[in-house]
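Before any comments, here is the structure.
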Amino acid sequence: MKNYLIQIVEDDSSVKKLLEITFKEYEFNYVSCESKKSAMMMFLSHNPDLLIVDLGLPDGDGKEFIKQIREISKLPIVVLSARHDEKEIIAALDAGADDYITKPFSVNELLARIRANLRRDISDENIPDKIICGELKMDIASRDIFFKQEQLKLTPIEYELLKYFLLNTNKTLTHKQILKEVWGIGYQNEMQYLRTYVNTLRKKIEQNSTRPNYIKTESGIGYRFCCNN
Ligand code: CA
């Protein structure tokens, strides 16, 4: 496995220490800093594989840093936020973060999120011909979708929704992001459309649609399409 470098941007010394100890133990390389200003300098000089960003930094808002990074890089960005601060989390995801962890977090949760985000192939900007995720297989060119070897019949919107999910696996997507990408600009607030289509899609691809394995609900924020191949 590649030796990944993680950059931590966190001014709370106890959280920073916990992250550093965890990364040391699980053999991730890391660098850390405590302010927005030093974060950009460190990013440019170290070229990390993943960023962990606290939103409340002493010299500014972590979201501003995320926006600046998104202009120059597609690397995975995981945000650290206070629990139940859904507005902040949504704003950070809309600014370009891929995922979030709420404080206090467990080490297992942290590592799972980091691994899932490193697994996403961000280097490939081209849309692949085929996407395979667990028992789902999508052929982009022919628009055929198979679930457990059987061809699935999807409506055009269900297809576009599933395609967007499959191109953004293991990533927290806000309701607004999904509505904008699948339905188009102007539909960002049509939450009921999204809920309806997620429900019908779940009935087609989930073993048990009330306990989904693929389309996970991120309460108050959006959805995450889980894929662990
Ligand atoms: Ca802070």
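Every number here is computed from the coordinates shown, using simple stated rules; none is lab data. All values derive from a computational prediction rather than experimental measurement. All Cβ positions, even for glycine, are placed from backbone atoms using ideal geometry, and neighbour counts span all protein chains on display.
By definition, a body whose alpha carbon gyration tensor gives a ≥ b ≥ c is prolate when a/c is 1.5 or more and a/b is larger than b/c, and the stretch 31-103 fits this prolate description. For the residue pairs 24/148; 67/137; 130/203; 24/163; 2/87, the alpha carbons lie more than 32 Å apart in 24/148; 67/137; 24/163; 2/87. Ordering 35, 14 from the fewest to the most neighbouring beta carbons within 10 Å gives 14, 35. For the stretch 5-124, DSSP calls about 10 percent of its internal beta bridges antiparallel.
If you fit an axis through the alpha-carbon atoms of helix 62-72 and take the longest principal axis of the Cα set of the chain, what angle between them do you get, 0 to 90°, nearest 10? The helix 62-72 is inclined about 70 degrees to the chain. Taking other C-beta atoms within 10 Å as the exposure proxy, 214, 4 rank 4, 214 from fewest upward.
Using C-alpha pairs below 8 Å separated by at least 6 residues, the relative contact order for the chain is 13 percent.
Calculate the tail of P(r) for the chain: the fraction of all Cα-Cα distances greater than 34 Å, expressed in %.
On the way: 4591 of 26106 pairs.
Looking at the chain, the distances longer than 34 Å represent 18 percent of pairs.
Sorting 190, 181 by the number of Cβ atoms found within 10 Å of their own Cβ, with the fewest placed first, yields 190, 181.
Straight-distance candidates among the aspartates and glutamates for linking to residue 103, with alpha-carbon spacing under 14 Å and chain neighbours fewer than 8 residues away dropped: 10, 11, 12, 54, 85, 86, 88.
The packing ranking of peptides 206-213, 6-13, 191-198, highest mean first, is 6-13, 191-198, 206-213, where packing means the average number of other beta carbon atoms within 10 angstrom of each residue.
Among beta bridges from DSSP that stay inside the chain, the antiparallel ones total about 50%.
Can you classify the stretch 7-59 as rounded, prolate or oblate using the Cα gyration tensor, where a ≥ b ≥ c are the square roots of its eigenvalues, rounded means a/c under 1.5, and otherwise it's prolate if a/b beats b/c and oblate if not? It is oblate, given that a/c is not under 1.5 and a/b is not larger than b/c.
Counting only alpha carbon atoms, the long axis of helix 36-46 and the longest principal axis of the chain meet at about 80°. Could you state the angle between the C-alpha long axis of helix 107-119 and the longest principal axis of the C-alpha atoms of the chain, as a value from 0 to 90 degrees rounded to the nearest 10? It is inclined by approximately 60 degrees.
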